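Below is one structure, written out as structure tokens, with a few remarks after it.
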Amino acid sequence: MLNLRYLSKRNWPRVLLALLPITAYAQVAQLPIQQVSATGLQQALNMSPAAITVIDAEQLQRQPLMDLAEVFRDVPGVTLVDADVPGMKRIRIRGDSARRVLIKIDNQPLSDHTSRGTPLLIDPSWIERIEVVRGSASVVHGSNAAAGVVNIITRRPSEGRHEPSVNTAYYGATQGHRYAANAVGEHRGWQYRLNYSEVEHGDRRTPQERLQDSDYQLQSWAMHLAKQWQQHRLGAEYDQFNLTANTYVGDTGLDSMRFPQRDQQRVALTYDYDSLVGALQHWHARVYQQQTTRVMTTSFQPIPIMTVDLLADDDLQTDGMRFQSEWHWQASQPMLFGIEWQRDQLQSDKSTTTHNPAPMPTVTTSYQQAEQATWSVFGQQNWQLSSDWSVFAGARWYQIDSQLMRSTERQPGKNKTTELVSSLGLVYTVNSASTWRANVAQGFSYPSLVQLYSMAKAGNSIDYGNAYLRPEQMTTAELGWRFQQRHWDVDITAYHNQAIDFIDRQRIDSAPEEFTTTSPANTIHRQWANIDRVRSRGLEWRIQWHGDRMQPYWQGAWQHRRMEYGNGVSTKHSGVAPWQWTLAWPVQVHDRYLITFEPTIRHVGEQTAMDATGQKEQVRAFTTINLGVTSQPLPSLVIRVMAGNLTNKTYRYLTELTAPQRHIDVDITWSF
């Protein structure tokens with residue numbers, strides 16, 4: 001029996017060191033997993049100089065998922081954020097804000113100018129695989145990739161096959177349901193993908209209470225059509241996500257907060273050229289547009305006889321182009337070169353309605369129109385110095401222009417900046433199963449239009465933009481080891497991050513002079529500013545044994561993070577759990593019906609956050625036990641059942657609502 005107490009702070013180095021001699025006993029390696037997100041070049045996973053996790057279709061189908069974000073729950077170094085809205089979960093990597101993590105679908109960035117980051121709305125059944133780059137990746141992926149990248153790659157059809165399927169699921173803790181229909185196929189060079197899904201969740205039930213107004217609904221659909229001839233492929237894509245969500249306000253002082261509309265539409269035209277001969281072997285072009293509508297309503301009572309209703313209506317249009325080519329001037333010396341342009345146009349309308357004893361309510365309105373355009377040129381070179389040593393070097397140059405064109409709250413203005421980031425990586429191949437890697441990469445995150453120009457009210461506080469903000473900058477240094485052979489799969493990464501000019505809100509005495517809006521005397525004023533400096537280090541690991549019937553794995557992260565605020569306050573309490581790990585033991589118990597049991601133990605250490613004023617928020621450590629069961633009684637039928645929180649423990653992550661009570665989720669997929 002495994003003694004969990006042995007996996008303590010004092011003993012984990014012994015566990016990791018005990019695995020190092022495995023390098024000397026390498027056997028024939030498995031077929032390597034391919035990835036494209038670490039360097040922009042299609043390469044085997046073990047040749048990536050950066051820390052990267054690939055989540056394949058099998059892992060996505062392992063258990064019922066309330067939403068896509070749940071699949072990231074056990075990725076080393078990754079935590080989730082829901083901001084009291086379960087339907088809008090976001091990704092944090094290595095403790096950094098979700099706004100510093102770039103989300104992409106088929107290598108197309110999803111633009112989002114809120115201060116919280118991009119939510120994950122895509123349905124899991126659409127996805128072929130997900131690539132998570134942990135660490136700065138702005139050379140290949142651009143702004144907001146300071147902490148990492150999540151690249152979601154949708155399903156592609158097999159030649160000559162048609163694969164329709166339907167899916168239904170039930171979620172016990174919310175009495176929710178999910179319906180989805182998908183069709184993927186290819187005929188005489190024509191490729192298509194059609195998807196539709198509908199998800200509805202009620203209020204979340206926890207061991208102690210039902211969280212009022214934690215329900216949400218999501219409807220999405222997509223179409224993809226492409227023509228393949230010889231080395232050429234021309235495609236068109238369209239998808240749409242419509243989310244409606246309430247917000248659990250708890251004891252925040254708000255009466256209600258609701259997102260009656262959180263819609264997103266994407267359309268893209270793509271061209272790909274692939275050849276195995278000649279200097280130019282790959283060429284990719286993408287022209288795209290994204291429309292995002294975000295409507296939020298908030299209600300609160302500053303005094304018993306007065307009610308204030310706030311309405312914020314934001315419309316964001318993103319236009320973009322990306323051209324990327326891969327050149328092979330010499331054998332085994334690929335070079336990536338690309339040009340990217342993106343323009344975001346934000347139209348924001350707000351209104352405040354005050355109900356008091358007066359006969360008629362008082363209504364005030366405001367509006368703002370701003371845009372941000374980014375030009376960048378990037379390149380990445382891979383030199384194969386010998387059969388054992390491989391070097392990667394890359395750089396990207398940016399020019400970013402931001403402009404406030406109209407506003408009722410302040411005078412128009414412009415910002416312009418240029419930035420150069422670079423990366424250098426090294427991979428040493430010990431043998432066919434073992435590689436060491438080292439990587440130093442720079443990343444940056446440019447201030448959003450909201451942080452630069454806008455004024456946002458929430459309760460009795462107002463947040464003001466700051467047109468003089470500098471980009472957030474981060475440098476990641478990593479050292480890693482990968483081992484992959486018949487039975488063992490090991491990936492260990494040690495990292496150190498240093499970041500400057502982090503953007504956060506700081507308390508100010510009154511409204512900045514460039515803003516013309518008046519406010520009540522008891523208003524709390526805050527302004528976005530470059531006030532934080534962060535140093536962090538950590539260790540991430542995944543260790544898995546592949547047996548005939550059992551495939552146990554242990555994965556997790558240790559991290560230490562120190563934040564230095566502009567007012568001189570320094571703290572190691574950044575809201576990140578110092579220890580977080582998952583131990584799972586999938587076992588196939590029945591051959592005919594392919595029944596697999598997967599008990600899972602998940603542990604998260606104590607989480608404490610302290611802001612610049614010294615105020616702390618803390619949640620205690622917890623350990624949970626879950627059980628997943630998967631069965632495939634017919635080749636076309638897959639049934640998944642998950643019993644969650646078996647001990648009915650009350651717990652929560654610092655960045656999420658209280659976790660659900662003991663519950664059972666059921667997911668059924670039928671393929672034709």
Check your understanding: If we scan region 212-220, do we find a residue that is in contact (Cβ under 8 Å) with a residue 24 or more places away in the chain and within 30 Å of Y271 (Cβ to Cβ)?
Key -> yes
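Conditions tested, residue by residue: (1) assigned to a loop (DSSP other than H, G, I, E, B); (2) modelled with pLDDT of 95 or more; (3) surrounded by fewer than 18 Cβ atoms within 10 Å (Cβ to Cβ).
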residue: S143; (1), (2), (3): yes, no, no
residue: A146; (1), (2), (3): yes, no, no
residue: E163; (1), (2), (3): no, no, yes
residue: Y170; (1), (2), (3): no, yes, yes
residue: A181; (1), (2), (3): no, yes, yes
Check your understanding: Of all residues in region 258-293, which are free of Cβ contacts under 8 Å to residues at least 60 places away in the same chain and either aliphatic (A, V, I, L, M) or not in a strand (DSSP E or B) (or both)?
Key -> V267, L269, S275, L276, V277, G278, A279, L280, A285, V287
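Yes/no matrix, rows are residues, columns are (1) within 30 Å of W545 (Cα to Cα); (2) surrounded by 22 or more Cβ atoms within 10 Å (Cβ to Cβ); (3) touching a residue at least 24 places away in the same chain (Cβ under 8 Å); (4) in contact with a His (Cβ under 7 Å, 6 or more places away or on another chain):
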{"site": "Y446", "(1), (2), (3), (4)": "no, yes, yes, no"}
{"site": "Q485", "(1), (2), (3), (4)": "yes, no, yes, no"}
{"site": "I492", "(1), (2), (3), (4)": "yes, no, yes, no"}
{"site": "A499", "(1), (2), (3), (4)": "no, yes, yes, no"}
{"site": "R505", "(1), (2), (3), (4)": "no, no, yes, no"}
{"site": "E513", "(1), (2), (3), (4)": "no, no, no, no"}
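For region 199-245, how many residues are polar (S, T, N, Q), out of contact with any Pro (no Cβ under 8 Å at 6 or more places or on another chain) and either surrounded by 15 or more Cβ atoms within 10 Å (Cβ to Cβ) or at negative phi (or both)? Explain how you work it out, then say what you get.
Our first condition is that a residue be polar (S, T, N, Q); within region 199-245, this holds for 206, 208, 212, 214, 217, 219-220, 228, 230-231, 240, 242, 244.
With the extra rule that they be out of contact with any Pro (no Cβ under 8 Å at 6 or more places or on another chain), the set shrinks to 208, 212, 217, 219-220, 228, 230-231, 240, 242.
Subsequent filtering for residues that are either surrounded by 15 or more Cβ atoms within 10 Å (Cβ to Cβ) or at negative phi (or both) retains 208, 212, 217, 219-220, 228, 231, 240, 242.
Residues that pass the stated criteria total 9.
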Revision key, fill the gap. When region 283-342 is checked residue by residue, the ones that are acidic (D, E) and within 24 Å of H141 (Cα to Cα) are D319, E326, E340
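In this structure, does Q381 turn out to be within 24 Å of the chain's Cα centre (by Cα), under 30 Å from A147 (Cβ atoms), buried (at least 17 other Cβ atoms within 10 Å of the Cβ) and not β-branched (V, I, T)? Reasoning before the result, please.
On the way: within 24 Å of the chain's Cα centre (by Cα): no; under 30 Å from A147 (Cβ atoms): yes; buried (at least 17 other Cβ atoms within 10 Å of the Cβ): yes; not β-branched (V, I, T): yes.
It is false that Q381 is within 24 Å of the chain's Cα centre (by Cα), under 30 Å from A147 (Cβ atoms), buried (at least 17 other Cβ atoms within 10 Å of the Cβ) and not β-branched (V, I, T).
Got a sec? Which strands (runs of 3 or more DSSP E) wholly within region 601-656 have at least 2 residues that are touching a strand residue (DSSP E or B) at 6+ places or on another chain (Cβ under 6 Å) and surrounded by 14 or more Cβ atoms within 10 Å (Cβ to Cβ)? Full working, then the answer.
Details: elements: 607-610, 616-619, 622-634, 637-644.
Ranges flagged: 607-610, 622-634, 637-644.
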Revision key, fill the gap. Exactly one of F378, F337 is in contact with a Ser or Thr (Cβ under 7 Å, 6 or more places away or on another chain), part of a strand (DSSP E or B) and modelled with pLDDT of 95 or more, and that one is F337
Exercise for review: Return a yes/no flag: does region 461-475 have any residue that is touching a residue at least 40 places away in the same chain (Cβ under 8 Å), of a type in the set (V, I, T), in a helix (DSSP H, G or I) and within 30 Å of A312 (Cβ to Cβ).
Suggested key: no
Review point. Which of the residues spanning region 329-358 are acidic (D, E) and in contact with a His (Cβ under 9 Å, 6 or more places away or on another chain)?
Key: D344
Exercise for review: Please determine, by comparing only the residues of region 302-360 that are touching a residue at least 60 places away in the same chain (Cβ under 8 Å) and farther than 25 Å from Q261 by Cα, which one is surrounded by the fewest Cβ atoms within 10 Å (Cβ to Cβ).
Suggested key: P302
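Considering each residue of region 575-600, count those that are farther than 27 Å from E656 by Cα and assigned to a strand (DSSP E or B), and give that number. Full working, then the answer.
We begin by selecting, within region 575-600, every residue farther than 27 Å from E656 by Cα; these are 586-597.
Those still in the list that are assigned to a strand (DSSP E or B) too: 587-590, 595-597.
Qualifying residue count, region 575-600: 7.
So that you can scan it fast, the table gives a plain yes or no per residue for (1) in contact with a Pro (Cβ under 6 Å, 6 or more places away or on another chain); (2) modelled with pLDDT of 90 or more:
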| site | (1), (2) |
| --- | --- |
| W389 | no, yes |
| R396 | no, yes |
| Q411 | no, no |
| L420 | no, yes |
| G425 | yes, yes |
| S454 | no, no |
| S461 | no, no |
| N466 | no, yes |
| E478 | no, yes |
Check your understanding: Restricting to region 407-444, what's the tally of residues that are more than 30 Å from W488 (Cα to Cα) and either surrounded by fewer than 23 Cβ atoms within 10 Å (Cβ to Cβ) or of a type outside the set (F, W, Y) (or both)?
Key -> 19
Check your understanding: Hey, does region 183-190 have a residue that's surrounded by 20 or more Cβ atoms within 10 Å (Cβ to Cβ) and touching a residue at least 12 places away in the same chain (Cβ under 8 Å)?
Key -> yes
Check your understanding: What number of residues within region 349-375 satisfy the criterion of being modelled with pLDDT of 95 or more and outside any strand (DSSP E or B)?
Key -> 0
Review point. How many residues does region 106-121 contain that are surrounded by fewer than 23 Cβ atoms within 10 Å (Cβ to Cβ) and of a type in the set (V, I, T)?
Key: 1
Exercise for review: Scan region 448-460 for residues that are surrounded by fewer than 24 Cβ atoms within 10 Å (Cβ to Cβ) and assigned to a strand (DSSP E or B) and jot them down.
Suggested key: A456, K457, A458
Check your understanding: Somewhere in region 29-38, is a residue outside any helix (DSSP H, G or I), buried (at least 24 other Cβ atoms within 10 Å of the Cβ) and at pLDDT 90 or above?
Key -> no
**Study point:** Subset of region 40-67 (residues that are surrounded by 22 or more Cβ atoms within 10 Å (Cβ to Cβ), touching a Leu at 6+ places or on another chain (Cβ under 8 Å) and either in a loop (DSSP other than H, G, I, E, B) or free of Cβ contacts under 8 Å to residues at least 60 places away in the same chain (or both))
**Key:** G40, P49, D67
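Given the criteria within 22 Å of R204 (Cα to Cα), of a type in the set (S, T, Y) and buried (at least 17 other Cβ atoms within 10 Å of the Cβ), does T252 qualify?
On the way: within 22 Å of R204 (Cα to Cα): yes; of a type in the set (S, T, Y): yes; buried (at least 17 other Cβ atoms within 10 Å of the Cβ): no.
Answer is no for this residue.
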Review point. If you check V267 against the conditions, is it within 29 Å of Q317 (Cα to Cα) and of a type in the set (V, I, T)?
Key: yes
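The values are calculated or read from the model by the stated rules, or taken from the named source; none is laboratory data. All figures in this text were calculated on a predicted structure; none of them were measured in a lab. Because the Cβ atoms are built from the backbone with ideal geometry, glycine has one as well, and the counts that use them run over all protein chains shown.
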